[in-house]
Amino acid sequence: MPITDHQEQKPVKLRARNLDFSYGDKKVLDGISMDIFAEQATAIIGPSGCGKSTFLKCFNRIHEVSSEVRVAGDLEIDGVDIFRGGIHEVELRRRVGMVFQKPNPFPKSIYENVVFGPKLFGVRDRDILDGIAEESLRKAALWDEVKDRLKESAMSMSGGQQQRLCIARALAVNPEVLLMDEPCSALDPIATAKIEELIFELKKEFTVLMVTHNMQQAARVSDYTAFFWLGRLIEMGPTERIFTNPRDRMTEDYISGRFG
Amino acid sequence: MLMLKAMPSTAGDPARDAVPATKMRLSIHSEGSRGLRFLLDRGAHSVFLACALVVVALIVGILVFLSLRGFAAFLPLAGNTGRTLSFAEVFLSTEWAPSSDKFGILSFMAGSLSVTMLALLVAAPSGILTAVFVTLLAPGWMKTLMRQVMDLLVGIPSVVYGIFGLTFLLPLISAKWLKDSPAAGFFAAACILMVMIVPTIVSLSMDAFEALPRTLDEGALALGSTRWQSIWRVLIPAASPRLLTAVVLGMGRAIGEAMAVQMVIGNNPAWLSLMREATDRAPLIRFLFTPAATLTTELVQELPNTAAGSAWNNVLFAMGLLLFLMTMGIILATRRLGQRGAV
């Protein structure tokens with residue numbers, strides 16, 4: 001059973017049960033069981049190499065890009081099994097968007113970046129695409145900065161803008177879940193603050209699951225926090241409780257900076 | 001300084017007794033022969049500089065020589081034995097008959113262009129798609145194997161390809177498709193050139209795809225792309241400046257190639273008129289299988305037979321200069337493309 005103490009009214013969006021994951025002979029995740037609630041931000045913290053990014057990537061099966069990966073256990077979205085159930089990986093990735101550690105805009109125009117997803121799914125109508133582009137850029141708090149330069153290359157933007165563009169790009173396919181893999185680690189404090197504000201807004205509409213190295217960030221933006229250590233889930237609970245009254249000695253040591 | 005740095009790292013070494021000896025040698029070298037080392041430094045500097053200057057001087061020398069001889073055809077210079085020609089009668093005429101004082105090289109230019117374009121028509125797409133397959137889809141061992149094979153193929157001397165064309169390809173085409181009539185012409189030349197430039201294009205295209213950040217592919221997949229959508233819509237467009245460089249460099253190799261082409265193209269300077277007059281075959285077949293000539297094959301063929309200073313000889317040099325400028329233009333173009341690709 002998941003190690004948590006929630007009294008949540010929201011439904012469970014993502015569920016992991018006894019998830020094992022190995023790269024070749026190296027076991028990265030060891031029996032993770034965890035519930036992630038809809039329309040909440042859940043942060044995963046833990047030292048480098050604890051498997052938190054790997055865990056995140058399982059939810060849209062992007063880990064399958066690399067070879068020699070073995071997964072055991074169950075992952076569900078809305079109760080439907082992700083690995084064996086009737087959901088195609090392309091459909092899964094439309095429903096579970098992802099923002100990567102380093103901004104990775106395509107070397108195309110800002111506009112083409114945002115409408116990339118909708119175009120994949122066959123939207124051709126120019127007016128509809130324009131509408132999606134504006135809506136997504138507004139949600140990513142980027143519209144005012146780029147509305148006059150939509151045709152310019154995304155490569156000409158600053159790092160923080162690029163990351164918000166990547167968020168807009170993910171939002172454009174109207175996902176249900178947003179995975180964020182250390183979305184601010186390559187950004188300066190001002191850009192980081194903007195992304196954090198954004199996450200705060202986004203969790204009202206989407207289920208956000210983020211990995212972060214930055215404990216203050218987890219404390220600021222998330223409703224739930226999970227602490228990973230050496231591929232295991234040590235403790236999960238409401239963020240305020242985890243940071244004020246951790247139950248596990250290891251969690252306490254980590255958040256008080258005694259190791260990590 | 002050297003001594004101090006060496007001490008801590010060798011201190012824990014099991015071969016501890018070796019340390020004092022090294023120390024001695026180092027100190028003798030650094031203290032006693034400072035003057036000698038200074039001289040050696042200066043001497044080495046001069047040698048390297050001299051080598052660099054010789055190379056530069058050679059290249060500039062070739063360019064000056066080629067330009068002088070190339071322009072001699074159009075200028076009334078002292079060394080000329082023949083008449084002075086006009087640009088129009090050389091570059092805008094297809095009539096090549098040196099014995100009757102006709103020096104039009106347009107048909108050779110057209111020949112070079114045709115054979116290069118024909119080769120690229122197949123080599124560019126197949127080379128790029130091979131690179132896509134090997135770098136993005138195939139397992140790792142295949143990538144290593146392919147890289148080695150391609151590097152090997154790039155290194156094969158062109159005359160070997162020529163022999164292959166002459167003894168295997170020509171008889172094969174002639175027997176299979178042409179009812180035993182001669183097969184020499186653009187088709188055979190383009191086939192050989194294609195085989196020659198595909199490795200260059202594959203190798204450089206592989207570099208282009210490997211230089212792409214992996215996150216680009218993951219980003220496309222995370223938005224719900226299939227493997228092919230990611231390749232077509234993101235990876236190929238992202239690599240396109242460097243892919244274009246690969247194709248253009250392949251083109252440079254094709255234009256400059258003389259030996260292999262000369263062995264299979266048939267070497268007929270009057271190919272244009274022959275092609276116009278003959279009506280026994282469909283135009284495309286005539287174009288592909290009429291013996292023809294290019295700038296390079298004509299140079300190889302005729303330069304040894306001409307006297308220095310004659311108009312004939314001068315025009316051949318003008319052709320050489322033209323080839324030089326074309327290749328130079330291609331190299332400069334790839335530099336430009338390369339800069340544009342560096343985002």
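When DSSP beta bridges are limited to those with both residues in the protein assembly as shown, what percentage is antiparallel, rounded to the nearest 5? Display every interim value, and only then the final one.
Working: 27 of 45 bridges.
Of those bridges, close to 60 percent are antiparallel.
Where only protein heavy atoms count, and the probe is 1.4 Å, what is the accessible area per residue for the range B:105-305 in Å²? Write out the running numbers ahead of the final one.
Details: 8640 Å² over 201 residues.
Value for the range B:105-305: 43 Å² per residue.
Output the peptides B:281-287, A:177-183 sorted from most to least packed, where packing is the average of other Cβ atoms within 10 Å over each peptide's residues.
Numbers: B:281-287: 13.3, A:177-183: 24.0.
In decreasing order of mean packing, B:281-287, A:177-183 become A:177-183, B:281-287.
Per residue of the range B:188-196, what does 6.51 cos²θ - 1.76 cosθ + 1.60 with θ = phi - 60° give for ³J(HN,Hα)? Whole Hz please, x for Gly and Pro, Karplus curve as stated.
My calculation for the range B:188-196 gives 5, 4, 5, 4, 5, 4, 4, 4, 6 Hz in order.
Per residue of B:238-245, what is the mean number of Cβ atoms on other protein chains within 10 angstrom of that residue's Cβ?
Working: counts 3, 1, 1, 1, 0, 0, 0, 0.
Shielding by partners across B:238-245 averages 1.
Return the sequence-ordered ³J(HN,Hα) values of the range B:204-212 in whole Hz as given by the Karplus equation 6.51 cos²θ - 1.76 cosθ + 1.60 applied to θ = phi - 60°, using x for Gly and Pro.
5, 5, 4, 4, 4, 6, 6, 6, 6
If a helix is a whole DSSP H run, which ones in chain A reach 15 Å or further along their own axis (Cα) and hold a mean Kyte-Doolittle hydropathy of at least 0.5?
On the way: long enough: A:126-139 (20 Å, -0.69); A:159-171 (18 Å, -0.16); A:189-202 (19 Å, 0.77).
Answer set is A:189-202.
What is the distance in Å between the Cα centres of the range A:198-244 and the range B:283-343?
Between the Cα centre of the range A:198-244 and that of the range B:283-343, the gap is 67 Å.
Treating the angle as unsigned and between 0 and 90°, give the value, to the nearest 10°, between the Cα long axis of helix B:18-32 and the longest Cα principal axis of chain B.
That helix lies at roughly 70 degrees to the long axis.
Run lengths n ≥ 4 of DSSP H only: what is the helix-derived mean residue ellipticity at 222 nm for chain A, with -39500 (n - 2.57) per run over all residues, to the nearest 500? Intermediate results must be reported in sequence, preceding the final value.
Details: 11 runs with 89 residues, N = 260.
Helix-only estimate at 222 nm: -9000 deg cm²/dmol.
Where Rh denotes the Kirkwood radius from the mean inverse Cα pair distance, what is Rg over Rh for chain A?
Across chain A, the Cα-based Rg/Rh ratio is 0.97.
Nearest 10 degrees, 0 to 90: what angle lies between the long axis of helix B:34-72 and the longest principal axis of chain B (Cα atoms)?
Helix B:34-72 and the main axis of chain B meet at about 10 degrees.
Let me spell out the model: positive unit charges on the Cβ of Lys and Arg, negative unit charges on the Cβ of Asp and Glu, origin at the Cα centre of the range B:105-305. What dipole size does that give, in debye rounded to 20?
Working: 12 positive and 11 negative charges, 85 e Å.
Result for the range B:105-305 is approximately 400 debye, rounded to the nearest 20.
Hey, what do the phi angles of the range A:95-112 turn into as Karplus ³J(HN,Hα) couplings, whole Hz, using 6.51/-1.76/1.60 and θ = phi - 60°, x for Gly and Pro?
7, 10, x, 9, 10, 8, 4, 9, x, 10, x, 6, x, 9, 6, 4, 4, 5
Considering only DSSP states other than H, G, I, E and B, which trypsin sites (Lys or Arg not before Pro) in the range A:182-260 qualify as loop sites with at most 10 other Cβ atoms within 10 Å?
Values: sites: A:LYS194, A:LYS203, A:LYS204, A:ARG220, A:ARG232, A:ARG241, A:ARG247, A:ARG249, A:ARG258; in loops: A:LYS203, A:LYS204, A:ARG247, A:ARG258.
Passing both the DSSP loop test and the Cβ count: A:LYS204, A:ARG258.
Chains B and A: buried accessible surface, both sides, probe 1.4 Å, rounded to 100 Å²?
Approximately 1800 Å², summed over both chains.
Could you list the chymotrypsin sites (Phe, Trp or Tyr not before Pro) in the range A:201-260 that lie in coil according to DSSP, counting only those with at most 12 other Cβ atoms within 10 Å of their Cβ? The partial results should precede the final answer.
On the way: sites: A:PHE206, A:TYR224, A:PHE227, A:PHE228, A:TRP229, A:PHE243, A:TYR254, A:PHE259; in loops: A:PHE206, A:PHE259.
Answer by residue number: A:PHE259.
The range A:74-151: which trypsin sites (Lys or Arg not before Pro) are DSSP loop and have at most 12 other beta-carbon atoms within 10 angstrom? It would help to have the intermediate numbers written out before the result.
Numbers: sites: A:ARG84, A:ARG93, A:ARG94, A:ARG95, A:LYS108, A:LYS119, A:ARG124, A:ARG126, A:ARG138, A:LYS139, A:LYS147, A:ARG149, A:LYS151; in loops: A:ARG84, A:LYS108, A:ARG124, A:LYS147, A:ARG149, A:LYS151.
Filter output for the range A:74-151: A:ARG84, A:ARG124, A:LYS151.
Find which of B:ALA138, B:PHE187, B:VAL261 sits farthest along the positive direction of the dipole of the range B:105-305, computed with +1 on the beta-carbon of Lys and Arg, -1 on that of Asp and Glu, about the Cα centre.
Going by the charge dipole, the pick is B:ALA138.
Measuring with a 1.4 Å probe in the full set of protein chains, what accessible area per residue, in whole Å², belongs to chain A? Could the numbers behind the result be given before it?
Details: 11140 Å² over 260 residues.
For chain A, the solvent-accessible area averages 43 Å² per residue.
Residue by residue through B:213-219, how many Cβ atoms from other chains fall within 10 Å of the Cβ on average?
Numbers: counts 2, 3, 7, 4, 3, 9, 13.
Partner-chain Cβ atoms within 10 Å, mean over residues of B:213-219: 6.
So what is log10(I(q)/I(0)) for the protein assembly as shown at q = 0.12 1/Å, when the Debye sum runs over its Cα atoms only?
Each listed q corresponds, in turn, to -1.11.
Run through the DSSP bridge list for chain A and note the antiparallel percent, rounded to the nearest 5. List each step's numbers first, then the result.
Values: 25 of 42 bridges.
Antiparallel bridges: around 60 percent, rounded to the nearest 5.
Just to compare against my own numbers: the Cα pair-distance distribution for the range A:29-68, 5 Å bins, whole % per bin, please.
Reading upward from the zero bin: 5, 17, 26, 29, 15, 5, 1.
So who's got an amide H within less than 5 Å of the one on A:LYS13, skipping anything under 5 residues away but keeping other chains? H placed 1.01 Å off N, in plane.
So A:LYS13 has HN proximity to A:ILE36, A:PHE37, A:ALA38.
The values are calculated or read from the model by the stated rules, or taken from the named source; none is laboratory data. Note that this is a predicted model, so its numbers are computed, not measured. Note: ideal-geometry Cβ built from the backbone for every residue, glycine included; neighbour counts use all protein chains shown. The accessibility values were calculated without ligands, DNA or RNA, using every heavy atom of the protein model including side chains. Shrake-Rupley method; radii C 1.70, N 1.55, O 1.52, S 1.80 Å.
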